[in-house]
Amino acid sequence: MKIDLTETTSSKINQALVSARRAIGTPAIGMVLTLVIVTDEENAYDALKSAGDASREHPSRIIAVIKRVSRSPRARRDARLDAEVRVGSDAGTGETVVLRLHGELANHAQSVVLPLLLPDAPVVVWWPEDAPADPANDPLGALAQRRITDTYSAELPLDELAVRAATYSPGDTDLAWTRITPWRSMLAAALDQQPAEVIGATVEGESDNPSCELLAMWLADRLGVPVERTLSQGPGLTAVRMETKNGVIVLDRADGSLATLSMQNQPDRAVALKRRDTSELLAEELRRLDPDNTYASAVKFGVDKLHSGGEVTAKPLDSPVEKADKAAETKAPSAKKAPAKKAASK
């Protein structure tokens, strides 16, 4: 069931929600949280679809905040609120309210959202893209117990990691961190099966991929060993190698779906490690509403090391010219070699 409201108010939206629930016989008591999505028209459809899929596991009231910036100076002075209320099959297992804020009202979104929050229920705010530098101090972020960003959607993902570390507040998290949960679980399980001291590690993946950087930071933080960051053609994170005193542990995923776990004196094992949809990542984050101290420790540790030239370093892919030069040097050992260039990773 859909109800369109033009030039409306928060009070009228609440009345429309009650009327819609009564019409289809759906109670509000079954919803466990309010999910506020701050997005734009371009990304609204994908974000709402992902949130609707996640609501099958976490029934919630979904409030999408879309700020409509007017081109005309006169129109920017006019404040108007349009809304779309979805209940029943059109809203997953909860309720959906799409808010379009025009003019000056776009700068006061929290005043519109606040009356629409479920009483006595947690609030989660998600920015699929263009997250504020300090989510906890954002007017909408201040309403939430949990704030979800996605560094991968930023124009400069590695610079964005530094921003996330500098402004971290308890309750902040990032979908770039959520993407590596299966990798962290598999690596921890491998070390349980091969109890040996780790003396070094290598993380291989695409360039400018914050998930690869976060995994390297997590390993360096937890193991206290040097971690090298090497680059591949992807997709995403492709391999992790941990050097131990009993041999090398390798988790290799070349195709983005099926990985191979290799350990000393054990047969290779195929493990499912597919790249997950946004709805699955969002559902995982909604399972816990307490601060993620492991994420906080990893992102702060890694950024400090990157800025100080510490343990987390990057090794870029060789260009075709560099490969040709290396091949020529191998054939002619007496030739004078140019000094190698090192590139620091962010």
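The values are calculated or read from the model by the stated rules, or taken from the named source; none is laboratory data. Quantities reported herein were computed from a predicted structural model and do not represent experimental measurements. Counting neighbours? That spans all protein chains shown, and the Cβs are built from the backbone with ideal geometry, glycine included. Surface accessibility is based on the protein's heavy atoms, side chains included, excluding ligands, DNA and RNA. Shrake-Rupley method; radii C 1.70, N 1.55, O 1.52, S 1.80 Å.
For the range 173-259, the share of accessible area belonging to carbon and sulfur comes to 49 percent (1.4 Å probe, ligands and nucleic acids excluded).
Solvent-accessible surface of the range 167-305, taken per residue with a 1.4 Å probe and all protein chains present: 41 Å². If you take all other residues with their beta carbon under 14 Å from the beta carbon of ASP277, and give Lys and Arg +1 and Asp and Glu -1, the sum is -1.
Taking a sphere under 14 Å around the Cβ of PRO122 and counting the other residues whose Cβ falls inside, with K and R at +1 and D and E at -1, yields a net charge of +2. Exposure check, 1.4 Å probe, all protein chains in place: TYR168 carries approximately 40 Å² of accessible surface. Summing Lys and Arg as +1 and Asp and Glu as -1 over all other residues whose Cβ lies under 14 Å from the Cβ of VAL36 gives a net charge of +1. Taking all protein chains together, MET31, MET1, MET217 sort by accessible area into MET1, MET31, MET217, largest first [probe 1.4 Å].
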